[in-house]
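Colleague: Dumping the structure here so I can ask a few things about it.
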Amino acid sequence: MTTHYLIHSPTTGRTLKASYRSGKFFRLEKAAGRAFKSTVELGKALATIPALEDEITGYQQTFPTLEYTKVEKQQSMYQQYVSAWFAFYNKFMELSPKFTKADGASLNQIKTYLTRIGGSEQEGLVLFQLILDNWNKLDEFHQNNTDLKYINSRLNLILNAVKKAGKAGTSGADNSVRI
């Protein structure tokens, strides 16, 4: 796993990007600011970069004028759908799913449709999670068809069944769903 840190010097206006792979220094890039004028200047900059990621806290104390910031990447909406799908499948089937290009295309179509009916990408993701959370309320045939291509092709029926299951759950009736 690779992590990145921005090291900014307010004095020079230069920002460096230090990358660590498996906790060890991997790469240094200039992210912003002017180029180094000499090898001495470069050497001074290199002295502010720890060889191990675990040492960054110590370096922050050693060089208090520098700003060390970990770069946090947020998952894209599609990656959040994939994560939700993998978590569901691992829990429901007790094994990791095989995820192919066709599965990715189906998941993208599911995402697009749920975003449209939900009104926003976040609401679409909530709907997808609602479907997965209520999967055990579908009839056995649908429960056994967890393939994303199948879900995409039957999404309207599955949404309707989940909706009915929600209504049945609030009235105290049987929570099983028949499509």
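Colleague: Can you give me the C-alpha center-to-center distance between region 49-114 and region 135-160, rounded to a whole angstrom?
Modeller: Region 49-114 and region 135-160 have Cα centres separated by 27 Å.
Colleague: What residues have an amide H closer than 5 Å to that of PHE26, excluding those fewer than 5 places away on the same chain, when H is modeled at 1.01 Å from N in the peptide plane?
Modeller: SER19, TYR20, ARG21
Colleague: What does the helix-only formula give at 222 nm for the chain: each DSSP H stretch with n ≥ 4 adding -39500 (n - 2.57), the total divided by the residues, and the result rounded to the nearest 500 deg cm²/dmol?
Modeller: Theoretical 222 nm ellipticity from helices: -15500 deg cm²/dmol.
Colleague: Further question on the same structure: With r as the distance between the Cβ atoms of ALA87 and GLN61 and R0 = 35 Å, compute the FRET efficiency 1/(1 + (r/R0)^6) and round to 0.05.
Modeller: That pair, GLN61 with ALA87, gives E of 0.35.
Colleague: Express the carbon and sulfur contribution to the solvent-accessible surface of the chain as a percent, rounded to the nearest whole number, probe 1.4 angstrom.
Modeller: 53
Colleague: Taking the Cα centre as origin and putting +1 on Lys and Arg beta-carbons and -1 on Asp and Glu beta-carbons, what dipole magnitude results for the chain, to the nearest 20 debye?
Modeller: Using Cβ point charges on Lys, Arg, Asp and Glu, the chain gives about 520 debye.
Colleague: Given DSSP loops and a limit of at most 12 other Cβ atoms within 10 Å, what is the longest stretch of the chain that contains no such trypsin sites (Lys or Arg not before Pro)?
Modeller: Result for the longest clean stretch: 99-177.
Colleague: Lys and Arg at +1, Asp and Glu at -1: add these up for the other residues within a Cβ distance under 14 Å of ARG14 and post the number.
Modeller: +2
Colleague: A further question follows. Would you work out which of ILE7, TRP135, ALA87 lies farthest towards the positive end of the dipole of the chain, given +1 charges on the beta-carbon of Lys and Arg and -1 on that of Asp and Glu, about the Cα centre?
Modeller: ILE7
Colleague: Cross-link list LYS70/LYS91; LYS111/LYS149; LYS73/LYS98; LYS17/LYS37; LYS30/LYS73: which exceed 22 angstrom alpha carbon to alpha carbon?
Modeller: LYS70/LYS91; LYS73/LYS98
Colleague: For TYR150, what is the net charge nearby, where nearby means another residue's Cβ is under 15 Å from its Cβ and Lys, Arg count +1, Asp, Glu -1?
Modeller: It works out to a net charge of -1.
Colleague: Could I ask something else about it? Of the listed values (1) 17.9; (2) 20.1; (3) 16.3, grab the one calculated as Kirkwood radius over Cα pairs in Å from the structure here.
Modeller: The value matching this structure is (2).
The values are calculated or read from the model by the stated rules, or taken from the named source; none is laboratory data. None of the values given here were measured: they were computed from a predicted structure. Please note: Cβ atoms are built from the backbone with ideal geometry, for glycine as well, and neighbour counts cover all protein chains shown. Note: accessible area is taken over every heavy atom of the protein model, side chains too, but ligands, DNA and RNA are not part of it. Shrake-Rupley method; radii C 1.70, N 1.55, O 1.52, S 1.80 Å.
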